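Below is one structure; the comments refer to it alone.
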Amino acid sequence: MAYSLITAFATRRTFSRAPRNREALPPVTILKPLFGAEPETYECLRSFCQQAYPHYQVIFGVCDPQDPAVAVVHQLQREFPDLDLVLAVDRREHGSNRKVNNLINMMALARHDYLIVSDSDVKVESDYLAELIPPLLDSGVGIVTCGYRGVARPGIWSLLGAMYINAWFMPSVRVAALMGYRSFAFGATIGIRRETLLRIGGFDSVSNQLADDYRLGELTRQQGLRTVLSEVEVDTLVKECTAADLVAHELRWRRTIRNLSPYGYVFSVVTLGLPVTALQLLLTQGAAPAAAIFSATALGSSLIHLNARRPGASSAVFLLVPFRDLLHFGLWIWSFATRRVQWGNDHYEVRRDGDVQPIEG
């Protein structure tokens with residue numbers, strides 16, 4: 001109950017951004033590892049080409065010259081001839097994480113010392129770079145990361161996936177940040193200086209890690225550097241075509257978190273507000289204290305979902321809240337069953353240190 005109410009407060013927080021002297025900001029290289037293309041890929045990548053920022057480079061990387069994303073990049077290069085847009089095509093493998101293999105290959109083309117790594121399904125506003133880079137000017141900062149909002153493609157499974165991000169995962173991050181916790185880093189955005197990246201062994205140091213983004217943050221914190229959670233929030237595309245896709249994706253996230261922070265994951269049971277308090281209400285046969293706790297938790301949960309709802313979105317989404325919370329509870333329990341995860345069409349075994357081992361067959 002307490003967690004639900006605190007989270008409802010944390011997700012209502014608003015941020016004010018101070019004006020930036022953008023002309024004084026250093027040049028930046030944005031690294032966009034790509035694999036395949038979706039209908040929204042063009043708009044997502046295009047948003048990185050419309051930055052109100054004095055000087056930056058964007059490197060798009062693929063491992064296969066026949067990748068559909070190549071055509072999207074060529075379209076952007078024609079549309080923005082004055083921008084420094086580079087396409088890297090390189091098949092070389094350096095570890096079990098294909099995204100990191102791509103990043104390692106792309107680094108040879110990086111011209112600038114301030115680096116931004118961002119997933120392909122992320123869409124940003126025009127002030128994205130101008131807001132992200134200033135904290136990196138502080139030599140005591142290791143990485144800058146930012147929160148994100150799930151934007152669902154049409155379909156109930158995509159909507160449920162977006163609800164997981166918007167009403168559970170990111171709210172839990174906001175609560176942690178409110179309490180002073182900073183042990184996180186998200187693939188939606190990681191900003192890092194080149195010299196910091198070299199100090200921790202480059203992208204090679206995370207080439208076998210499933211949660212490469214989280215591990216980058218850990219390695220910089222081991223160097224005594226701080227992690228900054230930016231006030232910027234970006235949109236990330238959520239595409240779950242079937243129930244199986246949704247379950248596989250969420251189990252991968254949950255089992256990764258469980259491996260990286262086992263005790264924290266066990267105690268994340270406090271985030272399962274409605275199912276747990278409903279169970280308590282059932283076991284106490286509707287006792288008044290249990291009913292009061294359930295009612296307060298339901299209020300907090302409703303406010304969390306309300307705060308997470310995008311402007312203009314249908315209020316019908318609230319009808320899915322009980323099912324979404326029950327699914328959340330079930331997958332939390334299921335996540336303890338094994339260390340195996342599915343990533344695309346591939347299956348991996350996650351080791352205790354976060355490394356992944358491909359499972360054949």
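The values are calculated or read from the model by the stated rules, or taken from the named source; none is laboratory data. Everything quoted here is computed from the prediction, not taken from an experiment. Cβ atoms come from the backbone with ideal geometry, glycine included; neighbour counts cover every protein chain shown. For the accessible areas, the whole protein counts, side chains as well, though only heavy atoms, and no ligand, DNA or RNA atoms are used. Shrake-Rupley method; radii C 1.70, N 1.55, O 1.52, S 1.80 Å.
Beta bridges assigned by DSSP with both partners in the chain are antiparallel in approximately 40 percent of cases. Stretching the chain fully between Leu326 and Glu231 yields a gain of 31.1 nm (0.36 nm per residue, less the alpha carbon separation).
Backbone geometry of region 48-63 corresponds, through the Karplus equation with coefficients 6.51, -1.76 and 1.60 at θ = phi - 60°, to 3J(HN,Hα) couplings of 7, 9, 10, 7, 7, 8, x, 7, 8, 10, 10, 10, 9, x, 9, 9 Hz, x marking Gly and Pro.
Compared with the alpha-carbon gap, the fully stretched path from Thr242 to Leu299 is longer by 17.5 nm at 0.36 nm per residue.
Projecting the Cα atoms of Leu274, Leu251, His305 onto the dipole axis of region 238-308, where Lys and Arg carry +1 and Asp and Glu carry -1 at the beta carbon, places Leu251 farthest toward the positive end.
Return the label of the correct value of Cα extents along the principal axes in Å, as calculated from the structure shown, out of [x] 61, 46, 35; [y] 58, 50, 43; [z] 67, 54, 42. Checked against the structure: label [z]. Measuring nothing but how far apart in sequence close Cα pairs (under 8 Å, 6+ apart) lie, relative to its length, region 30-111 scores a relative contact order of 36 percent. By the rule of a C-alpha distance below 20 Å, with chain neighbours fewer than 8 residues away ignored, the aspartates and glutamates paired with Lys123 are Glu38, Glu40, Glu43, Glu79, Asp84, Glu131, Asp213, Glu231, Glu233, Asp235, Glu240.
The Cα center of region 94-147 and the Cα center of region 256-285 differ in position by 34 Å. Considering only alpha-carbon pairs that sit under 8 angstrom and 6 or more positions apart, the relative contact order computed for the chain is 21 percent.
Placing R0 at 30 angstrom, the Cβ-Cβ distance between Thr284 and Tyr263 gives a FRET efficiency of 0.60 after rounding to 0.05.
Would you work out if region 44-109 is rounded, prolate or oblate? Take a ≥ b ≥ c from the square roots of the eigenvalues of the alpha-carbon gyration tensor; rounded if a/c is under 1.5, else prolate when a/b is larger than b/c, oblate otherwise. Prolate is the answer for region 44-109, as a/c is 1.5 or above and a/b outweighs b/c. Here's the picture: a label point sits 7 Å out from the Cα of Glu195 along the beta-carbon direction, and within region 209-225 the residues with their amide nitrogen under 20 Å of it are 217, 219-225. Each label was represented as a point 7 Å from its Cα along the Cα-to-Cβ direction; for Leu109 and Gln77 these points are 0.7 nm apart. Long hydrophobic helices in the chain, taken as whole DSSP H segments with a C-alpha length of 27 Å or more on their own axis and mean Kyte-Doolittle hydropathy at least 1.0: 288-308.
Each Cα pair under 8 Å and six or more residues apart adds its sequence gap; the mean of these over the residue count of region 251-337 is a relative contact order of 41 percent.
Summarising the label geometry, the points placed 7 Å from Cα in the beta-carbon direction at Arg91 and Gln223 lie 3.4 nm from one another. Rolling a 1.4 Å probe over the protein chains gives His55 an accessible area of about 90 Å². With helices as the sole contributors, the chain gives -12000 deg cm²/dmol at 222 nm; each DSSP H run of n ≥ 4 counts as -39500 (n - 2.57), and the sum is divided by every residue. Amide H contacts of Ala88 (H built 1.01 Å from N, in plane; Pro and chain starts excluded): Phe60, Gly61, Val62 sit under 5 Å, all sequence-distant by 5 or more or on other chains. Between rounded, prolate and oblate, where does region 116-185 land on the alpha carbon gyration tensor, with a ≥ b ≥ c its root eigenvalues, rounded for a/c under 1.5, else prolate if a/b exceeds b/c? Taking the square roots of the gyration eigenvalues as a ≥ b ≥ c, region 116-185 is oblate.
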